[in-house]
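Novice: Structure in structure tokens, see below.
No value in this document is a laboratory result; all are computed from the given coordinates. All values derive from a computational prediction rather than experimental measurement. Heads up, the Cβs are rebuilt from the backbone with ideal geometry, glycines too, and the neighbour counts pull from every protein chain shown.
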Amino acid sequence: MASSDVFPVMSLESNDLEIMKTKICLVGEAAVGKTSLIRRYVLDMFEDLYIATLGAKVTKKGLLLPKLDGGNDVKVNLMIWDIMGEKGFRELLKEAYFHGAQGILAVCDVTRKDTLLELKNWIDSVTKVTGEVPVRFVANKIDLKDEAQFGEDDVREMSEEIGSSYLMTSARTGDGVEQVFEEIARLIVKNIGR
């Protein structure tokens, strides 16, 4: 079953607005800030308290993308899947949580270099289930400059190896957060070929 079969596009002729339902998976090691990025994007809030995600949590948010490629406006209903970051569960999770994903936000924490190095494994786990889908690297916690173990050049190099682009974000300050979700939504719409 193709991803577009799972989440179909519907056209509303009354106002030339297309509505698309999409599934995005946020993947990466534990405590990189996946939940915080979603919370900042959906609720415009941040909490310092860390609570590990168990399994997956799905959050919904609508996004209007004006006149893509000269076509109609597109309302994208994002189904954002926050996937637990425990490495030992990666293989167990893949069939249940990755099926139907149309885009990946691969999140690392700039204060922990190992989180960047593990992103290839996370992406491979998703694409084994979904096939090739749009990917965006997200280097989170850029507000913690003094604790950073790697920089933008490292993220750029890794993302180029995968054939993706990247964004530097901070869930705490909100820097880059809205942009990363909008970019992945645009890529999904383009990939589906509307």
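Novice: Take every Cα pair under 8 Å in segment 40-194 that's 6+ residues apart, average their separations, divide by the length, and report that relative contact order as a whole percent.
Specialist: In percent, rounded to a whole number, it is 22.
Novice: Rank Tyr166, Leu117, Gly71 by how far each Cα sits towards the positive end of the charge dipole of the chain (+1 on Lys, Arg Cβ; -1 on Asp, Glu Cβ) and give me just the farthest.
Specialist: Gly71
Novice: Write down, largest first, the equivalent ellipsoid semi-axes of segment 79-194 in whole Å, where each equals the square root of 5 times an eigenvalue of the alpha-carbon gyration tensor.
Specialist: In descending order, the three semi-axes are 22, 17, 13 Å.
Novice: What is the magnitude of the charge dipole of the chain about its Cα centre, with +1 placed on the Cβ of each Lys and Arg, -1 on the Cβ of each Asp and Glu, and no other charges, expressed in debye to the nearest 20?
Specialist: With Lys and Arg at +1 and Asp and Glu at -1, about 540 debye.
Novice: Another one. Roughly how many nanometres apart are two label points built 7 Å out from the Cα toward the Cβ at Asp175 and Met45?
Specialist: A separation of 2.4 nm, rounded to one decimal place.
Novice: Which value in nm describes the separation of the simple spin-label points at Glu160 and Lys113, placed 7 Å from the Cα toward the beta carbon?
Specialist: 1.9
Novice: Same structure, new question: From the phi of every residue in segment 137-149, what ³J(HN,Hα) in whole Hz does the Karplus formula 6.51 cos²θ - 1.76 cosθ + 1.60 yield, where θ is phi - 60° and glycine or proline is x?
Specialist: Taking θ as phi minus 60°, the curve returns 7, 10, 9, 9, 6, 5, 6, 9, 4, 5, 9, 4, 9 Hz for segment 137-149.
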